[in-house]
Amino acid sequence: MAVRIHSVDENSIAASLGLAPGDELLQVDNEPINDVLDYQFYTDSASFHLKARIDGAEQILDVQKDVYEPFGCNFETYLGDGKHSCSNHCMFCFIDQLPKGMRESLYFKDDDERLGFLFGNYITMTNMGEHEIDRIIKMHISPVNVSVHTTDPQLRIRMLANKNAGNVLRYLKKMADAGIELNCQLVMCPGVNDGEHLRSTLTDLLALGPSVQSIAAVPFGMTRYRDKLYKLEPYTQQGAAETLAILEEFSDRSKAETGRRLVFPSDEFFLKSGKEIPSAEYYEDFAQLENGVGMWRLFHDEFLAELERPHRIYGEKHMDVVTGTLAAPLIQEMIAEMERQYPMIHVQVHPIQNNFFGGNVNVAGLITGTDIVDQCKGNLSGDTLCIPEVMLRAEKDMFLDNMTPEQVAQELGVKYEIVPAGGGDLAKALLRTGLRLSRRRVQGRK
């Protein structure tokens with residue numbers, strides 16, 4: 001195996017050795033270079049022997065440099081090779097429930113341990129072998145984010161539709177024993193891996209010891225395109241409450257036994273069951289925000305904290321904000337407090353029902369331009385539509401249905417503004433501009 005150089009940084013060690021685009025890196029001190037992790041790990045040393053293929057001929061280069069000094073090679077992809085695709089057919093897979101005709105990149109299923117290390121992606125371990133686990137341990141790649149779902153081998157085989165899904169569970173203990181920190185994810189499917197199965201899974205994971213840093217449980221997402229797939233139904237209020245009770249039982253137990261709360265239900269379990277979202281202290285370091293754990297609380301507290309700071313406001317301001325139905329009650333509560341303290345600001349919140357995906361899809365990040373246009377046309381109160389950045393791809397230029405913010409604004413006859421997703425940043429965005437301080441004093445404050 002080898003990685004092909006795409007470009008070389010000027011004045012770098014690699015450039016001084018004569019390496020150029022098209023050359024290949026083969027080995028460092030007899031260790032093969034298969035991807036960017038191998039490259040970064042083995043070239044961090046102060047001295048090493050590099051085997052490279054330069055102009056078609058293999059050469060051994062003696063490298064001397066400062067420890068951690070970048071070597072200077074860049075590759076066509078950030079991994080140095082192609083992404084590892086998923087080999088599972090999970091009963092709850094969201095990608096299998098996407099409609100046809102969306103952009104091609106949305107249909108790719110990754111299950112790549114390197115993306116877990118580089119970007120925090122979760123992996124199932126089903127396409128990994130012992131040598132890849134050994135590499136994680138050797139390089140001490142930590143933390144590793146694992147989609148566990150259940151520790152029952154046979155049930156995991158059924159849930160992931162992969163005959164290897166049960167066997168690879170042994171990797172969890174191997175990594176934990178080696179001191180690799182683990183963040184675990186459980187996608188909960190009613191009547192499948194909850195109830196006593198959930199109790200067993202949590203018992204097994206907590207028994208792995210201090211290497212387990214967090215365990216998040218989230219309900220599966222269902223769209224209206226769930227055709228010819230395993231029959232699943234969304235959680236009812238009662239089902240969510242029963243699952244939440246188990247999760248909180250183990251969360252309290254881990255807190256009592258270790259001093260840390262390791263088990264975290266996603267916000268949706270609290271909202272679906274009608275139970276109040278816990279305080280910020282409950283979430284400790286908010287380790288599982290990407291799984292929707294503590295996002296509601298963090299948004300709430302950051303938004304109110306920003307309102308406590310003085311802001312200068314121009315005259316009156318009229319805006320409209322779109323969001324998903326899950327977050328809408330929180331956004332409406334925060335906007336009401338903003339308008340109370342800053343009465344010259346008027347914001348209408350539009351909870352957008354996700355008709356594009358249907359099912360139980362209710363988060364802001366999956367709202368499409370089509371649904372915004374259909375539900376906001378003729379209903380806007382201001383001349384500016386605020387679109388949360390989570391509704392758009394990374395470039396902030398396109399919704400999931402390929403509509404652009406410009407097209408949405410044109411259809412609605414308004415200007416648009418892309419606003420941040422975080423509570424404090426959103427409050428600041430809605431309040432910014434102006435010349436004079438004009439904040440209604442809250443009774444009892446100076």
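The values are calculated or read from the model by the stated rules, or taken from the named source; none is laboratory data. For clarity, every value in this text was computed on a predicted model and none was experimentally measured. Please note: Cβ atoms are built from the backbone with ideal geometry, for glycine as well, and neighbour counts cover all protein chains shown. Accessible surface is based on the protein model in full, side chains and every heavy atom, while ligands, DNA and RNA are left aside. Shrake-Rupley method; radii C 1.70, N 1.55, O 1.52, S 1.80 Å.
The table below lists the values:
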| item | result |
| --- | --- |
| Of 417, 58, 406, the one that fluctuates the most in a GNM where the chain has Cα springs shorter than 10 Å | 58 |
| Cα centroid of segment 343-400 to Cα centroid of segment 196-273, whole Å | 29 |
| Summed side-chain charge close to residue 20 - residues other than residue 20 whose Cβ falls under 14 Å, Lys, Arg +1, Asp, Glu -1 | -3 |
| Net dipole in debye of the chain [+1 Lys, Arg Cβ; -1 Asp, Glu Cβ; about Cα centre; nearest 20] | 1500 |
| Share of carbon and sulfur in the accessible heavy-atom surface of the chain [1.4 Å probe, %] | 50 |
| Computed label-point distance, nm, for sites residue 393 and residue 106 using a 7 Å Cα→Cβ extension | 1.0 |
| Residues of segment 260-347: accessible area per residue with a 1.4 Å probe, Å² | 43 |
| Cα-projected label distance for residue 237 with residue 381, points at 7 Å along beta-carbon direction, nm | 2.8 |
| Selected from 279, 12, 381 as most flexible by GNM, with the chain as the system and alpha-carbon contacts under 10 Å | 12 |
| Environment charge at residue 253 (Cβ cut-off 13 Å; Lys +1, Arg +1, Asp -1, Glu -1) | 0 |
| Computed helical MRE - 222 nm, the chain, DSSP H runs ≥ 4 contributing -39500 (n - 2.57), nearest 500 | -9000 deg cm²/dmol |
| Top positive-direction residue, dipole computed over the chain with Cβ charges, set 429, 365, 153 | 429 |
| Cα gyration tensor category, rounded, prolate or oblate, for segment 308-435 with a/c compared to 1.5 | prolate |
| Cut-off under 5 Å, modelled amide H: who pairs with residue 294 long-range | 267 |
| Residue-by-residue Karplus 3J(HN,Hα) for segment 38-53, coefficients 6.51, -1.76, 1.60, Hz, glycine and proline x | 4, 4, 5, 5, 7, 8, 6, 5, 6, 8, 6, 9, 9, 9, 9, 9 |
| Computed magnitude of the charge dipole of segment 321-401 (debye, nearest 20; Cβ of K, R +1, Cβ of D, E -1) | 80 |
| Amide N proximity, segment 382-416 versus residue 373 label position 7 Å along Cα-to-Cβ, cut-off under 11 Å | 402-413 |
| Unit charges at the beta carbon, dipole of the chain: most positive-side option, 344, 416, 277 | 344 |
| Where no second cysteine Cβ lies under 4.7 Å, the cysteines concerned in the chain | 73, 86, 184, 189, 376, 386 |
| Segment 237-297: relative contact order in percent, alpha carbon pairs under 8 Å with at least 6 residues between | 33 |
| Relative contact order computed over segment 153-286 (Cα-Cα under 8 Å; 6+ residues apart), in percent | 22 |
| Cut-off 14 Å between beta-carbons: net charge of the residues surrounding residue 379, Lys and Arg +1, Asp and Glu -1 | -4 |
| Taking the C-alpha atoms of the chain, convex hull volume expressed per residue in Å³ | 196 |
| Kirkwood Rh, Cα atoms: Rg over Rh of segment 147-301 | 0.96 |
| Fluctuation leader among 96, 66, 252 - the chain, Gaussian network, Cα springs under 10 angstrom | 66 |
| Residue 257-residue 286 pseudo-label distance in nm [points 7 Å out on the Cα-to-Cβ vector] | 2.9 |
| Rounded to whole Hz, the Karplus (6.51, -1.76, 1.60) HN-Hα couplings of segment 194-205, x for glycine and proline | 9, x, 5, 4, 5, 4, 5, 4, 5, 4, 5, 5 |
| Share of Cα-Cα pairs in segment 4-74 lying beyond 18 Å, as whole percent | 26 |
| Rounded accessible area of residue 253 (nearest 10 Å², 1.4 Å probe) | 90 |
| Contact order normalised by residue count of segment 300-446, Cα under 8 Å, 6+ apart, percent | 34 |
| For residue 387, residues with placed amide H under 5 Å, excluding near neighbours | 417, 418, 419 |
